[in-house]
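Peer 1: Take a look at the following structure, please.
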Amino acid sequence: MSTTRPYSPGDRGPEPSGASGASEEGAPAAGEPTGAAAPSADGTRGTNGPQVRRIGLQGESGVVPLARDFTRQALYAWGWLPAAGADQRAAAEDVLLVVSELVTNACLHAEGPDELLLACDNKVIRVEVSDRGTGQPAPRTPHRAGRPGGHGMFIVQRLCLDWGVVRAAGRPGKTVWAELGAPA
C-alpha cells in the first residue's frame, strides 16, 4: 500500500514496522504511543507531547455510540470541532468514521473492545482500539463495493495515513491503530 503523508517520515520518529496490518515486533506496549508525555489526572497528556485521551470500553453496552461521543468530545477539546471549514469538517468526520469501524470490528470479531485511546499532536491523530481477539484485521481483497459487509478495514485503509496491529507479549489480544492527518 502506498501512503501519502503530510510530513516526512522522520518528523515523527522511527516508522512502525507493522504498517498496513502486519504484526509489529518490539513495538511499544499497547496504548503507549511513541514519545508521548506522561498523562495528567484528567487523562490528557502535557503540551510537550501528544494530547491523549482514553476510555475503557470492556463490558459497556452501546460501545460504538459511546466511542463516537467520546471521540467527538476530544475533537471539540482539541479544536477540530466546531469545524472552521470543509476540510476541517471532513477530517473530523473521517476520525469519527475510523473510530466507528475499529470499535465495530472489535465487537464483531474480537469479543468486544477493551479500550479506546486517542492521541493528537499538530500533525496526526492516532486512534487505538485494544481487544482480546486473536484474529488479524485486513481489508477484504478483492474489495467488492456492491456486497454487504466487509468494508470496515477497506475504509480504514483508504482514510488513514497508516494503520497496523500491535500484539503485546505475555497477554492475549491486540491493539489496532490508525493514524489520520490533522486538518490544515
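Peer 1: When Lys and Arg each count +1 and Asp and Glu each count -1, what net charge do the other residues less than 14 Å away from Val129, Cβ to Cβ, add up to? The partial results should precede the final answer.
Peer 2: Numbers: positive: Arg53, Arg54, Arg68, Arg126, Arg132, Arg167, Lys174; negative: Glu60, Glu101, Glu111, Asp114, Glu115, Glu128, Asp131, Glu179.
Residues close to Val129 contribute a combined charge of -1.
Peer 1: Okay, moving on. Between Arg158 and Lys123, with labels modelled 7 Å along Cα→Cβ, what's the label distance in nm to one decimal, could you check?
Peer 2: With each label point 7 Å from Cα toward Cβ, the separation is 2.7 nm.
Peer 1: If amide H atoms are built 1.01 Å from N in the plane of the peptide, which residues on other chains or at least 5 residues away come under 5 Å of the amide H of Gly133?
Peer 2: Lys174
Peer 1: Enter the per residue convex hull volume of region 68-184, computed from alpha-carbon coordinates, in Å³ rounded to the nearest integer. Can you show the working numbers first?
Peer 2: Working: hull volume 13.1 nm³, N = 117.
In region 68-184, the Cα hull volume divided by residue count equals 112 Å³.
Peer 1: Now for a different question. Can you give the local net charge around Cys107? Use residues other than it whose beta-carbon is closer than 15 angstrom to its beta-carbon, Lys and Arg +1, Asp and Glu -1.
Peer 2: -3
Peer 1: Note down the accessible area of Asp87, probe 1.4 Å, to the nearest 10 Å².
Peer 2: Per-residue accessible area (Asp87): approximately 120 Å².
Peer 1: Continuing with the same structure: Leu108: accessible area at probe 1.4 Å, nearest 10 Å²?
Peer 2: Accessible area of Leu108: about 120 Å².
Peer 1: Then there's this: Could you put Lys174, Lys123 in order of accessible surface area, largest first, with the 1.4 Å probe and the full protein assembly present?
Peer 2: Lys123, Lys174
Peer 1: Contour minus end-to-end for Thr104 and Gln58, with contour as 0.36 nm per residue of separation and end-to-end as the Cα-Cα distance?
Peer 2: The Thr104-Gln58 span can extend by a further 15.2 nm.
The values are calculated or read from the model by the stated rules, or taken from the named source; none is laboratory data. The model shown is predicted, which means the values in this text are computed figures rather than measured ones. Ideal geometry is used to build each Cβ from the backbone, glycine not excepted, and the neighbour counts take in all protein chains shown. Please note that ligands, DNA and RNA were not included when accessible areas were found on the heavy atoms of the full protein model with its side chains. Shrake-Rupley method; radii C 1.70, N 1.55, O 1.52, S 1.80 Å.
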